[in-house]
1. Give me the 1.4 Å probe accessible area per residue for the range 209-336, excluding ligands and nucleic acids, in Å².
2. Pairs of alpha-carbon atoms within less than 8 angstrom and 6+ residues apart define the contacts here; what relative contact order does the range 212-295 have, in percent?
3. Once you put a point 7 Å from the Cα of Q7 and another 7 Å from the Cα of K287, both along the Cβ direction, what distance in nm separates them?
4. How many Å² of accessible area per residue for the range 9-78, probe 1.4 Å?
5. Whole number please: convex hull volume per residue, Cα atoms of the range 14-111, in Å³.
6. What percentage of the solvent-accessible surface of the chain, computed with a 1.4 Å probe over protein heavy atoms, is contributed by carbon and sulfur atoms?
7. Can you show me the helix-derived [θ] at 222 nm for the chain, built from DSSP H runs with n ≥ 4 at -39,500 (n - 2.57) apiece and divided by the number of residues, rounded to the nearest 500.
8. Whose amide H sits under 5 Å from the amide H of A56, counting only residues 5 or more places off or on another chain, with H placed in the peptide plane?
Amino acid sequence: MRQIGKQEIEDIAVGAAVLGTGGGGDPYIGKLMALQAIEEYGPITLLSVDEVPDDALVVASGGMGAPTVLIEKIPSGHEVAQTFQALEKYMGKEVFATYPIEAGGINSMLPLALAAQLRLPVVDVDGMGRAFPELQMTTFYLDGISATPMVLADEKGNVTIMDTIDNSWTERIARSVTVQKGGAATCAIYPMLGKNLKESGIHSILQLEEEIGRAIRLAKEANLDPVHEVLKLTSGYELFRGKVVDVDRKTEGGWARGTATMEGLLDYKGETLELRFQNEHLLAKTKESLLCVTPDLIAVLDAETGLPITTEGLRYGARVVVIGMQCNPKWRTPKGIETVGPRYFRYDVDYIPIEELVGKGSVAK
């Protein structure tokens, strides 16, 4: 158990956006929400999974919708508390703690803001180890844990409670509701007992996010290469360095979908990278070869600062470094690949682990 303050929030926001693989919401918006909550309500208690009683009710909190919408439709900060109050009333049981459903700029921050507001602890665990675009894409789903009852709320005060037959139906219905709420909403989801969270969750995710954010911050202060420090910490791979020359992005069906094209610089001069995304970066390839594909992680970092760039933040002319990281082993199981592999997203390639695509040599080219 430890307390989370302002500096930890700053570092977690950056690290979460790296692991968020371009999705999970704008880290700046999420950081401001968490910092404001600490200003108003005081520091946040962070628990390890082992500190959660087996019979305690724990519930994930986060946002749902297209990141492009969240830039303009910012949460008020009160709707996430409404979701928890509605869920407690529906289930007739008090929530012991909250946790992030995924890594991401907003979705790692909303649980912290909620925890400060409701005086709840946050558990250092999530259900992805990265970000994915659909609600059933969690390690909880792999273990047969229901996403419902689930509550969705918007800034207008509309609250929707869902209890579905399976997690795929949860995604379909919740996505439609989110679109009607303006393309973005906040949610309370995956209520479960502490023992289930321990068995199915990805542990110490907030700690890793904080370490990544701190590494980038300290590297800049010491005039070191922040990208290299991230690669060392995550055992990641440099995939490409270049300039963004085109972004084809549109918001449809509650997602931000598209393709970014980058022209190589330095050692990559003469090469072109294509990056495909659906909220999150899902596939990176050149004309000659596949470099990385979901469920392995693809992150785009600013070439100078090392700060992560989200899918909605990609802009023409940006100098970037594209890196890849290994996913949690749970995603490399047959059910994991079926749930979040490239063919689920209709990419005509099979999943190949990044270490086989890039090789097991140096993490930096």
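The values are calculated or read from the model by the stated rules, or taken from the named source; none is laboratory data. Bear in mind that the values here come from a model prediction, so they are computed numbers and not experimental data. All Cβ positions, glycine included, derive from the backbone under ideal geometry; neighbour counts span all protein chains shown. Accessible surface areas use protein heavy atoms only, side chains included; no ligands, DNA or RNA. Shrake-Rupley method; radii C 1.70, N 1.55, O 1.52, S 1.80 Å.
1. Averaged over the residues of the range 209-336, the accessible area is 42 Å².
2. 17 percent
3. Going by the 7 Å Cα→Cβ label model, 5.0 nm.
4. Numbers: 2390 Å² over 70 residues.
Here the per-residue accessible area is 34 Å².
5. Taking the convex hull of the Cα positions in the range 14-111, it is 113 Å³ per residue.
6. Carbon with sulfur: 49 percent of the solvent-accessible area.
7. Calculated from helices alone, the mean residue ellipticity at 222 nm is -9500 deg cm²/dmol.
8. G194, K195
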